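Worksheet: the structure to be examined is printed underneath.
Every number here is computed from the coordinates shown, using simple stated rules; none is lab data. None of the values given here were measured: they were computed from a predicted structure. Please note: Cβ atoms are built from the backbone with ideal geometry, for glycine as well, and neighbour counts cover all protein chains shown.
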Amino acid sequence: MLRIAQGRVYDPANGVDGDVRDVCLNGGKVVEELPSHAPRIDARGMIVMPGGVDIHSHIAGPKVNAARKLAPEEHRADPLDRTAIMRSGTGGTVPSTFTTGYRYALLGYTTVVDAATPPLAARHTLAELRDTPIVDAAFLVLMGNNLPMFELIRDAGPDGAGPVTEAVAWWLEATGGYGVKLVNPGGVEMWKHGNRNVTSLDDEVEGLGVTPRRVLEAIATSVDELGLPHPVHVHCNNLGVAGNWRTTLDTLDTLQGRRAHLAHLQFHAYGGTPGKRPRSRAPELAEHLDAHPEHSADVGQVMFGPATTITADAPVSARLREITGGKWVNADLEAETGCGIVPFAYRERNYVHALQWAIGLELFLLSRDPWRVVLSTDHPNGGSFLSYPRLIRLLMDREFRNEQIDRVNQKAIRRTVLRDRLEREYTLGEIAIITRAGPARLLGLADKGHLGVGADADVTVYGEHEDREQMFATPRYVIKGGRVIVEDGELREAPAGDLLRVEADHDEAIERTLRPLFEEHYSVQFANYPVREPWLLEPARRIPARRDGSGR
Amino acid sequence: MPLTLTLREPPTVPLETEGLSPDRLATRRRGEIEALTVWHGNRRAQLADFFAVSGNGGEELRVEGDLRRVKFLGAGMTDGRLTVAGDAGMHTGADMRGGELVVEGDVGDFAGVNMHGGRLVVEGSAGHQLGGAHPGERAGMRGGEILVHGDAGDQVGTGLRRGLIAVAGRVGDAAGLRMLAGTIVALGGLGAPPGAAMRRGTIVAMSHVTLLPTFAFACSYRPPFLRLYLRHLRALGLPLTDDQIEGRYARWCGDGLELRRGEILILEAGR
Ligand SMILES: [Zn+2]
């Protein structure tokens, strides 16, 4: 039992916007009332929000681990000694598993979604999530460059997803995943054919009879038919290429009428022509999104300083490596996807980096519906999650923002609407939307991101501070599942978080279709492929899909 | 008598002594020195658990005993003089910024790694990664001088950015790997293949060297700068002959896979 007494509560999902009231917690949930003798936190003068929810991050699995191995110099610079509560670990842009959990919690985040796991690597991701304490975690399963899936899509024809739908559900069950991710659909497979890519939604994936458009349509239709809590999560084709905003618009048009979430929209909002200097097309994309309530995005803000690019979009990594001339991992996940990792640094004086930074801010400042354009840095691609407080200050503090705008490459700024010194300042209520209420709603996590009765008892309490960066960097209290995890900015305990996985039924008959495809394409036996190890899958919270029409 | 630390017996697992340098000990009282933290494996210990402290402070520090398992001696030192009477373990003089560190015996791997200034003198031989880079770092040593009177192991001067490494004896394989600038002088033979992926800088050899095919012959000449360098090294006690100082050198440019602004100078016989 715990009463968080008399704080200013921001709970936008329930229409609460800074009202002074109590939040009562019992049995891991928010409750209506508690006896007056219940233990209490005196939150007078403090800001109370639901725990943060990160809709798109990279925190677990082989790609993240490869990124760790690539950067011993970061670990040397940021070691964490063991304490009575914390295990030892390392920080940097890609912290070790335990440190990831501690640092997210210390930042007031209690739910994190890893945005890209190849099904073959599900065991690794699950094992690492078990070692990532405190936060509840889920992961999205990569399906956009999968050879058996391509065959099902090709044979399904244009009108129905049919077996594709059953296969999507089968794969989610086989991996313990939460949702479906498409990364440069078709393009990664083309890269694996020999340094090529797709450039439009109608390029055929050589010899496989599918196009990016067909993959997008089939998988988005399947996700909707299954009624998965989270829509298809799309990393569009042509990431980072000048002029790619047309591909992004084409993707949104293709998915019109179907739910879709676009990952790190900033990286897909460039005008200009390929190979030349990009410019901003953020206003056009922000407007388009506003007009389509079935679509949403996270921003993928770039923050100046060190980053590590980790992506299934291996051709993008190859291009980045040409820029850095430094370390690079390029990996092939046999029938499923590719992977690329390149350590990177964003610099204020660099035209492209400053433009990326500015486009991210444009997307935030021009979007009229904060529920559908939510905060991310695509950690650690655009910057570490530790830079969220600074990003929040950029959104909330116009004066600070304008100072920062003056520091960066002005040629880039002139290509954006930031040159007009946008007036908008995010309110605390809007910050609560883009950092918890919005992501939770987009993920379909009904118990997260709000403080209504029955919600999970995940609460963050901030000391009121004029410097919003400082305020959001060091919450006074973080409560997870009703337990006080952080007190006065210090970690008090570090219990395990929950695995969040979807529960979506499938027709068992799909295995008869999949088995021969596996024998053709995989090095792994079909029977050995699904994750079965109880220690990886249990305990877990199952979030049910709402499949309609089929009676399941 | 200078401040002297005498290791009573060799530790069973490596003893890490980061911070044991003359500049840091100069102003401390005996009791403070004895209470300094050292790490015995993963256990925290006090300096006095392993060392007997004698003599007075000042800018001179002497460490005695079987120090082969003692790491990070003189790491990060900025000033003064540290003498190691005998062999020293890994990371001796790591991140050193100034002063002089003399090892009267051999040093372990990673000696002078990421050095920024000062002088490290090894009267015996050095291990691998002499004057190299910390794991993962692009750049290694950024300044100062390393003189070795014996031999040196592999990957001498990995990522070298500035400074001078001179070895009287033989230098192992892959010297000057990914070198960015600076100078490596090998008087007693140079393993293969030197200068792989070097961008700039100079590697000097006094006898035949097996070069990578990505190095191209440029010319044969008497580099004026080299005479200055070699005389300086002779003054510091390295065994340089007049023929080496005055001789003609073949200049090979590379690495052709990188900038090709680096050079390997090889003394030509009999001229
Ligand atoms: Zn991502």
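When chain B is modelled as a GNM with alpha-carbon springs shorter than 10 Å, which of B:156, B:103, B:13 fluctuates the most?
Result: B:13 has the largest fluctuation of those listed.
Using the 2.2 N^0.38 Å rule of thumb for compact globular proteins, work out how the range B:106-267 stacks up: its C-alpha Rg over that value, please. Can you show the working numbers first?
Details: Rg = 13.9 Å, N = 162, 2.2 N^0.38 = 15.2 Å.
Output field value: 0.91.
For the residues B:81, A:82, what sequence is obtained by ranking on other C-beta atoms within 10 Å, fewest first?
Numbers: B:81 20, A:82 11.
The order, fewest Cβ neighbours first, is A:82, B:81.
Over the range A:49-490, what is the relative contact order in percent, taking alpha-carbon pairs closer than 8 angstrom and at least six residues apart?
Values: 1012 pairs, mean separation 77.9, N = 442.
18 percent.
Can you give me the C-alpha center-to-center distance between the range B:60-139 and the range A:265-305, rounded to a whole angstrom?
What the calculation gives is 52 Å, centre to centre.
Output wanted: per-residue J couplings in Hz (rounded whole) for the range B:245-253, from phi through Karplus 6.51 cos²θ - 1.76 cosθ + 1.60, θ = phi - 60°, x for Gly and Pro.
So the J values, rounded to whole Hz, are 5, 9, x, 8, 10, 7, 9, 10, 9.
Give the shape of the range B:67-135 as rounded, prolate or oblate, defined through the alpha-carbon gyration tensor: a ≥ b ≥ c are the square roots of its eigenvalues, a/c under 1.5 means rounded, and otherwise the shape is prolate if a/b is larger than b/c and oblate if not. Mind dumping the intermediate values first?
Working: a/c = 1.64, a/b = 1.08, b/c = 1.52.
Taking the square roots of the gyration eigenvalues as a ≥ b ≥ c, the range B:67-135 is oblate.
Over all directions, how big on average is the projection of the convex hull of the alpha-carbon atoms in the protein assembly as shown, in square nanometres?
Numbers: hull surface 159.0 nm².
Value for the protein assembly as shown: 39.8 nm².
What's the extension gain from residue A:483 to residue A:208 if we count 0.36 nm per residue and subtract their Cα-Cα distance? Present the calculation step by step, with values, prior to reporting the outcome.
Values: separation 275, 0.36 × 275 = 99.00 nm, distance 5.18 nm.
In short, 93.8 nm is gained.
Antiparallel as a % of all DSSP beta bridges within the protein assembly as shown, to the nearest 5? All intermediate terms of the calculation are to be shown ahead of the outcome.
Numbers: 64 of 143 bridges.
Beta bridges within the protein assembly as shown, antiparallel portion: roughly 45 percent.
Quick check on the exposure proxy: order A:405, A:359 from fewest to most C-beta atoms within 10 angstrom.
Neighbour counts put them in this order, fewest first: A:405, A:359.
To check you understand DSSP bridge types, tell me what percent of the beta bridges within the range A:49-490 (both residues inside) are antiparallel, rounded to 5.
On the way: 27 of 51 bridges.
Around 55 percent antiparallel, to the nearest 5.
Using θ = phi - 60° and the Karplus relation 6.51 cos²θ - 1.76 cosθ + 1.60, list the HN-Hα couplings for the range A:485-497 in order, rounded to whole Hz, with x at every Gly or Pro.
Once θ is set to phi - 60°, the couplings for the range A:485-497 become 8, 10, 9, 6, x, 10, 6, 9, 7, 9, x, 5, x Hz.
Pairing the Cα long axis of helix B:224-235 with the longest principal axis of chain B, what angle in degrees results, from 0 to 90 and rounded to the nearest 10?
It works out to around 40 degrees.
Just to confirm my numbers, what's the Cα centroid distance between the range A:390-439 and the range A:1-40 in Å?
31 Å
Who wins for biggest fluctuation among B:76, B:127, B:256 in a Gaussian network model of chain B, springs between alpha carbons below 10 Å?
Judging by the Gaussian network model, the answer is B:256.
Could you pull out every residue, at least 5 positions away or on a different chain, whose amide H is within less than 5 Å of the one on residue A:485? Hs are placed 1.01 Å off N in the peptide plane, and Pro or chain starts have none.
A:478, A:479, A:480
Can you sort A:373, A:31, B:70 so the residue with the fewest Cβ neighbours within 10 Å comes first? Provide the component values of the computation, followed by the final result.
On the way: A:373 24, A:31 18, B:70 29.
Ordered by Cβ neighbours within 10 Å, fewest first: A:31, A:373, B:70.
Counting only pairs 8 or more places apart or on different chains, how many lysine pairs in the protein assembly as shown have C-alpha atoms closer than 24 Å?
Qualifying lysine pairs in the protein assembly as shown: 12.
Counting alpha carbon pairs within less than 8 Å and at least 6 residues apart, what relative contact order, in whole percent, applies to chain B?
Values: 898 pairs, mean separation 27.5, N = 271.
Computed value for chain B: 10 percent relative contact order.
Per residue of the range B:107-113, in order, report the coupling 6.51 cos²θ - 1.76 cosθ + 1.60 (Karplus, θ = phi - 60°) as ³J(HN,Hα) in whole Hz, putting x for Gly and Pro.
10, x, 5, 6, 5, x, 5
Per the Cauchy relation, a quarter of the hull surface: what is the mean projected area of the convex hull of the alpha carbons in chain B, in nm²?
Details: hull surface 54.5 nm².
Over all viewing directions, chain B projects a mean Cα-hull area of 13.6 nm².
Give the distance, in whole Å, between the Cα centre of the range A:74-108 and the Cα centre of the range A:342-381.
So the separation of the two Cα centres works out to 25 Å.
About the Cα centre of chain A, what is the dipole size in debye to 20, counting +1 per Lys and Arg Cβ and -1 per Asp and Glu Cβ, all else neutral? The partial results should precede the final answer.
Working: 63 positive and 75 negative charges, 290 e Å.
Dipole about the Cα centre, nearest 20: 1400 debye.
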